[in-house]
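I have placed the structure first, in the form of C-alpha cells, so that the comments after it can refer back to it.
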C-alpha cells in the first residue's frame, strides 16, 4: 500500500460512490483526509476521515472548508474534485430523459452539471492552488469521463466533461512552474452503489471505488508525478504503470476510446 503519511487531502463529493472510495483509500494510506458533500454527515466513512458538510455550489461554504484546512493543517497536498451535479431526476413524469436528444434536454441539467460540476471544480481548484503554489507542491485530480471524447448518450454531459478536461489542460499549464500537478482521472465501470443496484451491467471488467483511490494515491506518492500534468490518466492504465491491483486482487483491463 502506498504510504501518504504526513500528506493532507480533500475529496469533494465523498458521501458515496467514487468519492467515498477515494477518501477511504487515502485515509488507509495514512493521509489526513477531509471529505465534503451535502449529505456527508450521513455517510458511513472511516472514523479518521474529517467529514465537512458542504454544498459546492455555495462559494462561502467552500471558502470555509479551505479556511479550516489552512487553519488546522497549514497545507494541502491533494485535492480530488469529484463533486458533480445533473444526475438527479433522470426520470421525469415517468420517462427516462437522460438519453433524450439535446433539444429535448431539460436546462436544469445543464445548470447542474456546469455549476455543481465544472464550476465547483474550478472554485475548489482556485482555493487549493493558493495553498499549493505557496508550497510549490501539490496534486489536483479532476474526476472526468470518456464522454468528454466520445458521445455517450447525453450531449450536455459530454460538454461538461470536455470542459473539465480543458480546465485540467490549461490550469496545469499555469501551475507547472510552481511544481503543482493537475490531471483528469478516467475510471472504467465502477461498482458504485447505483451501478450494483441497477443489476444490468456486465461487471467482468469493473472497478471498485477504492481502485480509483489507489490510482490517486499512486500519483500523490510519485516523486516524478509531474510528468502526468495536464493529461488524461486512466485508472486501470495507472495500475499497470505503478503495479497496484484492485481490492479483490484483480487487475481491470484499461478501457480505451475504441471500447467506449
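Does the stretch 9-32 include one or more residues that are under 20 Å from residue 85 (Cβ atoms), over 13 Å from the mean Cα position of the chain (by Cα) and in a helix (DSSP H, G or I)?
No, that holds for no residue.
For the stretch 105-127, indicate whether the set of residues that are farther than 17 Å from residue 79 by Cβ, in contact with a strand residue (DSSP E or B) (Cβ under 7 Å, 6 or more places away or on another chain) and modelled with pLDDT of 95 or more is non-empty.
So far as the stretch 105-127 goes, no, none of its residues is farther than 17 Å from residue 79 by Cβ, in contact with a strand residue (DSSP E or B) (Cβ under 7 Å, 6 or more places away or on another chain) and modelled with pLDDT of 95 or more.
Which of the residues belonging to the stretch 140-164 are over 12 Å from the mean Cα position of the chain (by Cα) and not in a loop (DSSP other than H, G, I, E, B)?
146, 147, 148, 155, 156, 157, 158, 159, 160, 162, 163, listed by residue number.
How many residues are more than 20 Å from residue 113 (Cα to Cα) and in contact (Cβ under 8 Å) with a residue 24 or more places away in the chain if we restrict to the stretch 171-187?
Of the residues in that region, 9 qualify.
Checking residue 208 against (1) farther than 23 Å from residue 168 by Cβ; (2) modelled with pLDDT under 95, only one condition comes out false. Which one?
Residue 208 satisfies all of (1) farther than 23 Å from residue 168 by Cβ; (2) modelled with pLDDT under 95 except (2).
In the stretch 178-260, which helices (runs of 4 or more DSSP H) lie fully inside it and hold 2 or more residues that are surrounded by 22 or more Cβ atoms within 10 Å (Cβ to Cβ), at negative phi and touching a helix residue (DSSP H, G or I) at 6+ places or on another chain (Cβ under 6 Å)?
209-221, 235-242
Of all residues in the stretch 64-78, which are closer than 15 Å to residue 11 by Cβ and part of a loop (DSSP other than H, G, I, E, B)?
Listed by number, the residues that qualify are 76, 77.
For the stretch 89-103, which residues satisfy the criterion of being on the phi < 0 side of the Ramachandran plot, exposed (fewer than 10 other Cβ atoms within 10 Å of the Cβ) and without any contact (Cβ under 8 Å) to a residue 40 or more places away in the chain?
Across the stretch 89-103, the qualifying residues are 91, 95, 96, 103.
Condition first: in contact with a strand residue (DSSP E or B) (Cβ under 9 Å, 6 or more places away or on another chain) and without any contact (Cβ under 8 Å) to a residue 24 or more places away in the chain. Now tell me which residues in the stretch 190-221 satisfy that.
Within the stretch 190-221, 191, 195, 201, 202, 203 meet the criteria.
The values are calculated or read from the model by the stated rules, or taken from the named source; none is laboratory data. Keep in mind that this is a model prediction, so the values were computed, not measured. Neighbour counts run over all protein chains shown; Cβ positions are idealised from the backbone, glycine included.
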